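Engineer: Attaching a single structure in structure tokens format; questions to follow.
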Amino acid sequence: MQTAITYTDRLFLVSGIDGGREAFLGRALGEPLGGFVTLEGKAVHLAAPGRMTVRPFSTRASFPVGDPGYAIHELACGEALDEARGFVADSAGQVDRAAFPLLYRWMESCVRGAPASAAEPGPAAGTSPLLGFYGGFAAGAEEFRRAMYECPRVASTTELDRVAELEGSLAMELGKLANQMAIKLGRIVARDDALASYLAAFRGLDLAARAGAPAGSMGGWVYVVGRMQIAKNRARWAGDVDLVREINALTKEGIAALNEAILDHCSSLDVLITEAFAQYEITPGLGRRAAPFDGYLHPQQSTFEAFGHAPPIRVAAAAAGP
């Protein structure tokens, strides 16, 4: 015999809204009436990878029970319930993956397959600002390499070999840094069983690739930083001030070391470019812009820019309730 579901005061996630572009998270105000259940909560729209546009206040909407066009899911995971309560109470119009990672992962999967037009223009979400610094070095090295390839006066591989050495050296330094931060974070997590259990839910989640990070050591660094931010948000919910401070200190340490490594290599590359262009009479800025410090002079757009509001929610019946 099938057990009837009790809806009242329980939290539900609804997918299939607006052709799959939106989801709704809310608390049931009562049992279904006339084939519809009324929820009070917030509509969510994935504005860009890693970011959610959220209605800044709660609304009421009715959804058809049993309609194959809508999927109504009851939250049963304790950690997800904690996130959901904070999500509904939060008045922010936009939130990122690190703030509500379990909810984001669910919502991302439920809207996957929606029409491409659902994604609104905007910067790569979740992108670390330091990726711009790394990108400046990588782009400068590549432009210098191509300028040397195209110059008929270049008769030696000395400068080209030096570029390859700088790229390899930076990759090695960033890889070692990511490894050190991962081990230090692991020691912090090992002391907190609740935090360890929470982070275990994200094994296999490619935080680096979805944040727009390149593959390799820089991607590893972004992955570790992503886990640190998720851990810190969990500590915030738990009110663990000491843990927040410890993770912040580790983040600061990692950013300072990363920044120093990239700056040192940008400086070495800049000098190499200047010397080679002078030696082979290559005019800088004509066709090739080899400028490794561009990432610092023109950083990537902030991921906290507004993306605009999501399209209106569409449900099969008018909102109900007082």
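No value in this document is a laboratory result; all are computed from the given coordinates. Please read these numbers as outputs of a predicted model, since none were measured by experiment. For neighbour counting, all protein chains shown are included, and Cβ atoms are generated from backbone atoms with ideal geometry for every residue, glycine included.
Engineer: Straight-line reach only, C-alpha to C-alpha below 17 angstrom: list the aspartates and glutamates that Lys42 could link to, leaving out same-chain residues fewer than 8 apart.
Structural biologist: By straight Cα distance, Lys42 reaches Asp9, Asp18, Glu22, Glu74, Asp82, Glu83, Asp90, Asp96, Glu108.
Engineer: Based on the Cβ-Cβ distance from Leu33 to Trp237, what FRET efficiency comes out when R0 is 41 Å, to the nearest 0.05? Walk me through the numbers on the way to the answer.
Structural biologist: Values: r = 34 Å, r/R0 = 0.84.
Given R0 = 41 Å and the Cβ-Cβ separation, E is 0.75.
Engineer: Below 20 Å, Cα to Cα, which lysines can Lys232 reach? Residues fewer than 8 away in the same chain don't count.
Structural biologist: Output for Lys232: Lys184, Lys252.
Engineer: Tell me which residues come under 5 Å, amide H to amide H, from Arg97 once H is placed; ignore anything under 5 positions away on its chain.
Structural biologist: Placed amide hydrogens put nothing under 5 Å from Arg97.
Engineer: What residues qualify as long-range amide H neighbours of Arg55, i.e. H under 5 Å apart, gap of 5 or more or another chain, H built at 1.01 Å from N?
Structural biologist: Ala43
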